[in-house]
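Since the structure comes first, as structure tokens, the remarks are kept for the end.
Just so you know, all these numbers are worked out from the coordinates, no wet-lab data involved. None of these values were measured; they are calculated from a predicted model. In this analysis, Cβ positions are derived from the backbone assuming ideal geometry, glycine residues included, and neighbour counts consider all displayed protein chains.
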Amino acid sequence: MLDSKEKLGNEFYQNLGKLFYAVAMADHSVHMKELEKLNEVVRDHWLDVDDVEDEFGTDAAFQIATVFDWLLEYEKDEEEIYEEFEEFYTDHKVLFSPKIKSLAMSTSRAIASSFSGNNKAELVLLGRLELLFND
């Protein structure tokens, strides 16, 4: 069974998955390039953040992509999902060090620009995220 630190660690990554989904879905569709970029960034950057594992002993950072895929499959509303991330962030600000915020921002930007540059909806969401993190 997961202890509370691991449970929170898993929730942390699941909520990042929600954030990145909301960014990718800002224009109401997720493109293959956005999905590829997400998987690449998780592999290259998020796996090294900590040593939290899920209940299967897999690096919890993979929860990011798992949640993203699930939300995509069920075509969840990106605004609602972003608000869930916002709520988690507000309740657990201590988990979001400057390094984590910076990585979350750069991941969001990378996803947003991976398919035909940034569009207005994505830029608005990136702006909201930046305000949230600087609050």
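Assorted remarks:
- Residues in the stretch 121-132 that are free of Cβ contacts under 8 Å to residues at least 40 places away in the same chain and surrounded by 12 or more Cβ atoms within 10 Å (Cβ to Cβ): L123, E130.
- Hits in the stretch 29-60 - residues which are farther than 25 Å from N118 by Cα and out of contact with any Gly (no Cβ under 6 Å at 6 or more places or on another chain): L47, D48, V49, D50, D51, E53, D54, E55, F56, G57, T58, D59
- Among the residues of the stretch 59-105, those identified as touching a residue at least 60 places away in the same chain (Cβ under 8 Å) and either farther than 13 Å from V23 by Cβ or small (G, A, S) (or both) are E84, F88, Y89, H92, L95, A104.
- Hey, Y13 under 19 Å from R128 (Cα atoms) and either within 12 Å of the chain's Cα centre (by Cα) or among the hydroxyl-bearing types (S, T, Y) (or both) or not: no
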